[in-house]
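Before any comments, here is the structure.
What follows draws every value from the coordinates through simple rules; no lab data is involved. Since the model is a prediction, treat every value here as computed from it, not as a measurement. When we count neighbours, we look across all protein chains shown, and the Cβ atoms used for this are built from the backbone with ideal geometry, even at glycine.
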């Protein structure tokens with residue numbers, strides 16, 4: 001296994017799995033871990049992660065769920081290469097594929113109606129919000145530079161089989177945009193879960209489940225609180241991380 005200069009291996013606390021990341025660069029965050037705990041991939045189902053980065057979500061979903069096969073799509077060559085090497089590091093080549101490609105062409109790459117589940121931790125910031133990070137990999141992960149929210153939702157709708165499920169983590173301030181776009185492309189919002197850093201603070205993340213062709217009815221679940229006190233996670237967060 002090749003570990004390049006400027007890379008490290010981190011423990012994932014699931015099935016003994018590890019992941020290769022940059023020592024001084026973009027690394028997966030809590031949002032990806034929370035998404036892996038929110039998403040459900042059932043026995044025999046195939047799942048795709050759009051904009052997979054280091055491959056964290058497919059690897060965690062393989063560890064946590066009964067899904068048959070997992071794929072990750074990533075446009076940045078360096079990130080896709082790291083993700084592929086992490087898959088090999090964990091000897092998961094028969095369970096996880098990493099494909100280098102553009103989210104905007106995902107339905108052409110994989111074919112329409114080819115997945116039971118699609119997940120995404122997309123860039124949160126559009127052109128009118130936030131300063132673009134001068135480090136390109138971080139900027140691409142955080143800003144809608146190479147794809148927009150609409151690109152993600154449009155391609156998800158094309159990729160999902162009828163009745164298939166979409167799981168996404170995003171910012172609450174984009175929730176109106178999210179719901180409007182989901183319905184525009186035939187994805188019915190079914191579950192929302194707000195994530196609060198502390199019990200007395202406003203939500204800074206929202207987890208969304210939508211179903212392709214689903215009926216109208218949405219459940220707002222009990223909020224997820226990250227910290228019990230400064231520096232101490234709640235028991236639910238420890239469970240999601242696998243500690």
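GNM on the chain, alpha-carbon springs under 10 angstrom: the most fluctuating residue among 150, 45, 11 is 11.
Which of the three applies to the stretch 43-101, rounded, prolate or oblate, going by the alpha-carbon gyration tensor with a ≥ b ≥ c and a/c under 1.5 meaning rounded? Judged from the Cα gyration tensor, the stretch 43-101 comes out prolate (a/c at least 1.5, a/b above b/c). The calculated Kirkwood hydrodynamic radius for the stretch 164-243 is 13.6 Å, given to one decimal from all distinct C-alpha pairs.
Inter-part distance, the stretch 96-124 to the stretch 32-77, computed on C-alpha centroids, equals 11 Å. Out of 148, 52, 216, any idea which swings most in a Gaussian network model of the chain, alpha carbons joined below 10 Å? Looking only at 148, 52, 216, the biggest GNM fluctuation is shown by 216.
Each residue, residue 94 and residue 184, gets one label point 7 Å from its Cα in the Cβ direction; the gap between the two is 4.4 nm. Going by a ≥ b ≥ c, the root eigenvalues of the Cα gyration tensor, does the stretch 201-243 fall in the rounded group (a/c under 1.5), the prolate group (a/b larger than b/c) or the oblate group? The shape class here is prolate. Between the stretch 196-226 and the stretch 157-181, what is the separation of their alpha carbon centroids in Å? Taking the Cα centre of each part, the stretch 196-226 and the stretch 157-181 sit 12 Å apart. Of the residues 29, 111, 37, the one that moves most in a GNM of the chain with alpha-carbon contacts below 10 Å is 29.
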